[in-house]
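The values are calculated or read from the model by the stated rules, or taken from the named source; none is laboratory data. These numbers come from a predicted model, not from an experiment. Positions of Cβ are generated from backbone atoms using ideal geometry, with glycine treated the same way; all protein chains shown enter the neighbour counts. Note: areas computed on protein heavy atoms with side chains; ligands, DNA, RNA excluded. Shrake-Rupley method; radii C 1.70, N 1.55, O 1.52, S 1.80 Å.
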Amino acid sequence: MSLFSRDRRTPLTDVDVVLADLDGVVYAGAGAIPHAIDSLKKVEASRRLGYITNNASRTDASVAAHLTELGLTVAPDEVVTSPQAAMRLVSSLIPAGSTILVVGGEGLVDEVHKAGFRVTRSADDAPAAVVQGFAPEVGWKDLAEAAFALKLPEDEGGIPWIATNTDWTIPQSRGVAPGNGTLVSAVHTAIGRLATVAGKPETPIFEEAVARFGAKHPLFIGDRLDTDIAGASRAGIESVLVLTGIDRPKHLLAAAEGSRPTYILGDLRELDEPYPQTQIKGDTVTVRGASVRVDGPDITILSEGDRPIDLVRAGAAAIWRTGRQIFGFRVPERLYADPFHRP
Ligand SMILES: [Mg+2]
């Protein structure tokens, strides 16, 4: 029996460790997202809080320093990066102390050394594995060395190839630039092999976080359905989608099974607020004052309620429970109106 009655439960009830994505959740570029810091400080005061990032070009220490500048209290070992997840993975595949061909920057080299491996940049040094992560200085020569080292397929005795992450894009202050996924894809095109991925949406990065914090009932907070929520779901971790980053209400309504969050929040203040029950009566789904009905291909808003987030929650639940694709519905625009904060 829980200490809390059902209608008093918040997304944090019974959670021992909160794990948060960074971009779109805590900050956007250099600046903090509204209400994120104050809300996370409250979490800090009550339970363990860790951060998970696919970004392979920054060290855990530099991420921790940035978060500390924003007003949080964060030690480097409270930041789980995709290079660390890659090291967890590679350690299970090759002998300790082996030489690894590194395609990437300081953040990655640092983790390879910390894990007790030697670093080479040349396929001629007979590396035991290739590890690839994003850094602005990665160039054609690095990709070519990776391709030479990986020319044998793995089932013919080829060495393992681990990518820290396969994000297609990397947001920059001047626009969107090609991410690690495009560089991994360049090597793939040359050799026809596929990399094993350590970062979100794959599970090693979540496994690393759960192991490091000894989490029994973690909650993951992210802003992207295809990496954050899909990854948490694969790792068996309950999740929050917060509407302060990449994915918007229309994406949420269309979310495929496997990338649907446990909770939907407008911003992080709601972490600490009672989370309303989803009530289902026939074809009608009600969340607090918001009610949505499904009639064949038509979605009808019966009542908008007082809070836009409740309408999104009701609409998503109504669509998801049909098991049908979003394309088959006529969805009123009000259902995916987007009054929430965008970075
Ligand atoms: Mg993000």
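For the criterion of being under 23 Å from VAL287 (Cβ atoms), open to solvent by 60 Å² or more (accessible area, probe 1.4 Å), in contact (Cβ under 8 Å) with a residue 60 or more places away in the chain and away from the ligand (no atom under 15 Å from the Cβ), ARG260 passes.
Among the residues of segment 209-216, is any within 16 Å of the ligand (Cβ to nearest atom) and within 20 Å of PRO83 (Cα to Cα)? For segment 209-216, residues within 16 Å of the ligand (Cβ to nearest atom) and within 20 Å of PRO83 (Cα to Cα): present.
Each row is one residue, and each column tells you yes or no for (1) surrounded by 21 or more Cβ atoms within 10 Å (Cβ to Cβ); (2) of a type in the set (Phe, Trp, Tyr); (3) touching a helix residue (DSSP H, G or I) at 6+ places or on another chain (Cβ under 8 Å); (4) at pLDDT 95 or above.
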| site | (1), (2), (3), (4) |
| --- | --- |
| THR286 | yes, no, yes, yes |
| ALA290 | yes, no, yes, yes |
| ARG293 | no, no, yes, yes |
| ASP298 | no, no, no, yes |
| GLU304 | no, no, yes, yes |
| ALA314 | yes, no, no, yes |
| GLY328 | no, no, no, no |
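Each residue in segment 37-72 was checked for being more than 23 Å from PRO178 (Cα to Cα) and in a loop (DSSP other than H, G, I, E, B), and 4 of them qualify. Among the residues making up segment 333-343, those that are surrounded by 14 or more Cβ atoms within 10 Å (Cβ to Cβ) and in a loop (DSSP other than H, G, I, E, B) are ALA337, PHE340, HIS341, PRO343. The residue that is nearest to ARG321 (Cα to Cα), counting only those in segment 263-281 that are open to solvent by 60 Å² or more (accessible area, probe 1.4 Å) and out of contact with any strand residue (DSSP E or B) (no Cβ under 7 Å at 6 or more places or on another chain), is ILE280. Just checking, does segment 155-163 include any residue being closer than 14 Å to ALA56 by Cβ and within 19 Å of the chain's Cα centre (by Cα)? Looking for residues that are closer than 14 Å to ALA56 by Cβ and within 19 Å of the chain's Cα centre (by Cα), one finds at least one in segment 155-163, hence yes. For segment 7-53, a residue qualifies if it is more than 20 Å from ALA215 (Cα to Cα) and within 13 Å of the ligand (Cβ to nearest atom), and the qualifying residues are ASP23, GLY24, VAL25, VAL26, TYR27, ALA28, GLY29, ILE33, ALA36. If you check ALA177 against the conditions, is it among the aliphatic types (A, V, I, L, M) and over 30 Å from TYR27 (Cβ atoms)? Spelling it out, it is not the case that ALA177 is among the aliphatic types (A, V, I, L, M) and over 30 Å from TYR27 (Cβ atoms).
Reported count of residues in segment 217-228, each being in a strand (DSSP E or B), within 16 Å of the ligand (Cβ to nearest atom) and either open to solvent by 40 Å² or more (accessible area, probe 1.4 Å) or not hydrophobic (A, V, I, L, M, F, W, C) (or both), is 1.
Among the residues of segment 74-97, the ones that are assigned to a loop (DSSP other than H, G, I, E, B), out of contact with any strand residue (DSSP E or B) (no Cβ under 9 Å at 6 or more places or on another chain) and closer than 30 Å to SER46 by Cβ come to 1 in all.
Considering (1) of a type outside the set (S, T, N, Q); (2) surrounded by fewer than 16 Cβ atoms within 10 Å (Cβ to Cβ); (3) in contact with a strand residue (DSSP E or B) (Cβ under 9 Å, 6 or more places away or on another chain); (4) in a loop (DSSP other than H, G, I, E, B), the lone condition that PRO34 does not fulfil carries the number (3). In segment 221-246, the residues that are closer than 20 Å to ASP310 by Cβ form Cβ pairs under 7 Å with partners that are among the small types (Gly, Ala, Ser) and assigned to a strand (DSSP E or B), at six or more places apart or across chains, as follows: ILE221/ALA20; ILE229/GLY222; ILE229/SER239; SER239/GLY222; LEU241/GLY222.
From the list GLY245, GLY231, GLY236, GLY192, the lone residue that is at pLDDT below 95 and either closer than 19 Å to ASP23 by Cβ or away from the ligand (no atom under 16 Å from the Cβ) (or both) is GLY245.
Against the list (1) outside any helix (DSSP H, G or I); (2) in contact with a Leu (Cβ under 8 Å, 6 or more places away or on another chain); (3) without any contact (Cβ under 8 Å) to a residue 40 or more places away in the chain, the condition LEU19 fails is (3).
If you take the residues in segment 54-77 that are in contact (Cβ under 8 Å) with a residue 60 or more places away in the chain and under 19 Å from ALA211 (Cβ atoms), which one is most open to solvent (accessible area, probe 1.4 Å)? Step by step, filter segment 54-77, then rank; the result is ASP77.
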